[in-house]
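Below: the structure, in structure tokens.
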Amino acid sequence: MIIPRVKNILWLIIIAFLSISIMLLLSPYFLSDWKVWSMAIFLTSFALTLLWGIDFSHLNIKYDNLNIFLTGYFNGRNLKLKYSEIKGFQIEEKVDQYNGLHQEIQIVMTNGKKIYLPKIAYDDYSKVEIFCHDKFKFLGIRKMKHGEFIGKLIPVMGLVSGILFLLVSIIKQFT
């Protein structure tokens, strides 16, 4: 079984909303009408936070000799795939602000659908890579157009924007 990384910030926000809601319910300083409105606001915020936390790419991977079971922990997504339904896997190049230019695995189904297994979702991504190499046919690598240039450009842009922010804050301080 391969378990995805848990979003700690999501749990912190959920705990904060729950604790604030409980404190508002027990507070003697609010009138009953305000308690209802404040609880409605915080429960709506809590529900929106849960919706924000639904991520279809953070999947538990369980497998046996005939099937693969992919289950999500917040999204309720449960997929049971037979090995015969899977065409293979491919590696696609991606760029993001944390990993730069990197490669992610996509499981390709016989009907053309793809299941993404992003690198950021798993602490030990090598287990996912070994699992895919052992179980599926390799379909190739999809290179990103101008991927190396974009991968080098992102850290430079981050550095330049940080320096500009620092300069603007210094200018504001003296004006």
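The values are calculated or read from the model by the stated rules, or taken from the named source; none is laboratory data. Because the structure is predicted, anything quoted here is derived from the model rather than measured. Using ideal geometry, Cβ is built from the backbone for each residue, glycine included, and neighbour counts are taken over all protein chains shown. Heavy atoms of the whole protein, side chains included, go into the accessibility calculation; ligands, DNA and RNA do not. Shrake-Rupley method; radii C 1.70, N 1.55, O 1.52, S 1.80 Å.
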Can you confirm whether residue 150 is of a type in the set (Val, Ile, Thr), on the phi < 0 side of the Ramachandran plot, within 21 Å of the chain's Cα centre (by Cα) and part of a helix (DSSP H, G or I)?
no
Just a yes or no: is a residue in segment 107-126 among the β-branched types (Val, Ile, Thr), out of contact with any helix residue (DSSP H, G or I) (no Cβ under 6 Å at 6 or more places or on another chain) and exposed (fewer than 12 other Cβ atoms within 10 Å of the Cβ)?
no
Selection status of residue 149, surrounded by 11 or more Cβ atoms within 10 Å (Cβ to Cβ) and modelled with pLDDT of 85 or more:
no
Which condition from (1) more than 30 Å from residue 86 (Cβ to Cβ); (2) open to solvent by less than 70 Å² (accessible area, probe 1.4 Å) is the one that residue 131 breaks?
(1)
Segment 121-146, residues that are assigned to a strand (DSSP E or B) and either farther than 20 Å from residue 96 by Cβ or modelled with pLDDT of 90 or more (or both)
138, 139, 140
Go through (1) outside any helix (DSSP H, G or I); (2) under 30 Å from residue 50 (Cα atoms); (3) hydrophobic (A, V, I, L, M, F, W, C) for residue 89 and report which single condition fails.
(2)
Condition first: under 19 Å from residue 72 (Cα atoms) and modelled with pLDDT under 80. Now tell me which residues in segment 85-120 satisfy that.
120
